[in-house]
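First comes the structure, then the notes that go with it.
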Amino acid sequence: MSKVAVIGGGPAGLAAAEVIAEAGLSATVYEAKPTVARKFLMAGKSGLNLTKAEDIETMLPHYAEASIWLSPALKAWDAGAIARWAEGLNQPVFTGSTGRVFPKAMKASPLLRAWLLRLDGLGVEIRPRHRWIGWDGSRPLIAGPDGTSEKIEADAVVLACGGASWARLGSDGAWADWIDAETKPFVASNAAISVIWSEHMHKHMGQPIKGVGWRAGPYRSRGEAILSRRGLEGGGIYSVSRGVREGGDLFIDLLPDLSVDDVAARLDRPRGKTSFANHLRKVLKLSPLKIALAQEWGRPWPDDTVKVARRLKKLRVAQAGLRPMDEAISTGGGVPASALDTTLMLRAKPGVFCAGEMLDWEAPTGGYLLTACLATGRWAGQGVVRYLQT
C-alpha cells in the first residue's frame, strides 16, 4: 500500500487525508501542535461559518486574481458539496440571512469530533507534536515530541502548513524557509485597522458600527465594524483591509442609503440655536456613535452644507495602517500558482503537493476562506491519488 505523509492537521490537511484514505491509500497526518485544527476551532467559537450559499460563478470573484487557478478545486468542492459533507457527518447545516452557511450546532467542535471519527475509521493516523523541519533529500524531516528528528518514508507528501497569522495556533509561516520552492512574502489579509482614538471616543469602545459603507482603494463593504481600543475590526473592515494594505485611504460613508443631495437638503433645514451635533441627530437620524465618528474625523466643518454632506458620505478615517500580521484572520502570500501544476503538485518536487492557506490566495471572511481550504485540500488529495495510481 502506498504511504502518504500529510503535514499539517488543519482543515486542508484533514480534507486531503480523507480523500487519500478513501482511495485505499495509507495516510499519516503530522501536526506540530498537541491537537489538530486549532485555528478551525478558534474560528468556530462564535459560530462556524463553513461556506457561503452561492453558485460557483458568484463565489469565484471573491478570490480575485487567484480565482482562475483555484477554480478547478472550488468547482469540484463548492458550497453545496461542503453542506452535504457536513450533513454526512450528522452535522446538519442552515443558511443565515446573509447566505452564510453554519452547522446547526454553531460550534466547530462537534463537526471536528465527527470528522476525526470518520478519519479514524478510514485508518488515518494522526501524530501530534510532530513538526516538519525540512528535507532529507526528497524525504520530509520531522521533529518528534522528544526533540529527535525522523526521516519519513512516503510515496507522496501533502503540505498543508497554514499561513503566517495566529502563530500560537500553529500557523507561523516558518516552512517558507525550507520548502525548496519560490514563495511570495506573507501579507496580512482580513486584518483590523489601527486607530489612535481621542479621549472622547473611549466611552464608545466595544460598540458596533452599523448601517455604514466602507471603502479603501477598489474595495467596498457594507458590513459592520467594532470599535476597540486598538482600532477597528470586524467583517466590514476586513473586507476592505487589502485596500489599506495597498496604500489606499480608508473612508466611511455614514449615510450610505442617502445621496449627497438628500443629505444636503436635510442639513439645510432650519437649525436655530441647536448645536451641530443635535442638528445631525435630528435631521439625519444619526446615532450617538455615528455623530461621535463624524466629530472625530470631520472637524473642522465647512460652512457649505453640500461640502458637509460630501464629508459625511466620504469621511476619511484617521488610521495608522493594519494591525500586526499575526493578528490577522488570514494571510496572502506563500506558494504561488507558478510553482505548482494543475493538481497543486510542486513543479520542483514531484510527489509533493500543497494545499490550504499556505498557497498564495486571499479572500474575504464570510465562508470563502474555509471553502478554499477544504477545496484545495481535497484537490491536492485527489492529485496524490492520481499521481500514485498512474
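The values are calculated or read from the model by the stated rules, or taken from the named source; none is laboratory data. From a predicted model like this one, the values you see are computed outputs, not experimental measurements. Cβ placement follows ideal geometry from the backbone for every residue including glycine, while neighbour counts extend to all protein chains displayed.
Of 206, 247, 236, all but one fail to be small (Gly, Ala, Ser), in the same structural domain as residue 291 (by TED's automatic domain parsing), buried (at least 18 other Cβ atoms within 10 Å of the Cβ) and free of Cβ contacts under 8 Å to residues at least 40 places away in the same chain; the exception is 236. Considering region 341-388, the residues that are within 21 Å of residue 86 (Cβ to Cβ) and of a type in the set (S, T, N, Q) include one that is nearest to the chain's Cα centre (by Cα), namely 365. In the set (1) assigned by TED's automatic domain parsing to the domain that holds residue 348; (2) assigned to a loop (DSSP other than H, G, I, E, B), the condition left unmet by residue 223 is number (1). For region 266-296, the candidate set comprises residues that are among the polar types (S, T, N, Q) and assigned to a loop (DSSP other than H, G, I, E, B); within that set, the residue that is modelled with the lowest pLDDT is 274. Looking for something touching a Cys at 6+ places or on another chain (Cβ under 9 Å) and surrounded by fewer than 20 Cβ atoms within 10 Å (Cβ to Cβ) - is there at least one such residue anywhere in region 334-345? Checked region 334-345: no residue is touching a Cys at 6+ places or on another chain (Cβ under 9 Å) and surrounded by fewer than 20 Cβ atoms within 10 Å (Cβ to Cβ).
The number of residues in region 346-367 that are under 29 Å from residue 243 (Cβ atoms), buried (at least 24 other Cβ atoms within 10 Å of the Cβ) and not small (Gly, Ala, Ser) comes to 8. Looking at 137, 147, 173, just one residue is among the small types (Gly, Ala, Ser), closer than 23 Å to residue 344 by Cα and without any contact (Cβ under 8 Å) to a residue 12 or more places away in the chain, and that residue is 137.
Only one of these conditions is not met by residue 303: (1) of a type in the set (Asp, Glu); (2) surrounded by fewer than 18 Cβ atoms within 10 Å (Cβ to Cβ); (3) at pLDDT 95 or above. Which number is it? Going through the list (1) of a type in the set (Asp, Glu); (2) surrounded by fewer than 18 Cβ atoms within 10 Å (Cβ to Cβ); (3) at pLDDT 95 or above, residue 303 breaks only (3).
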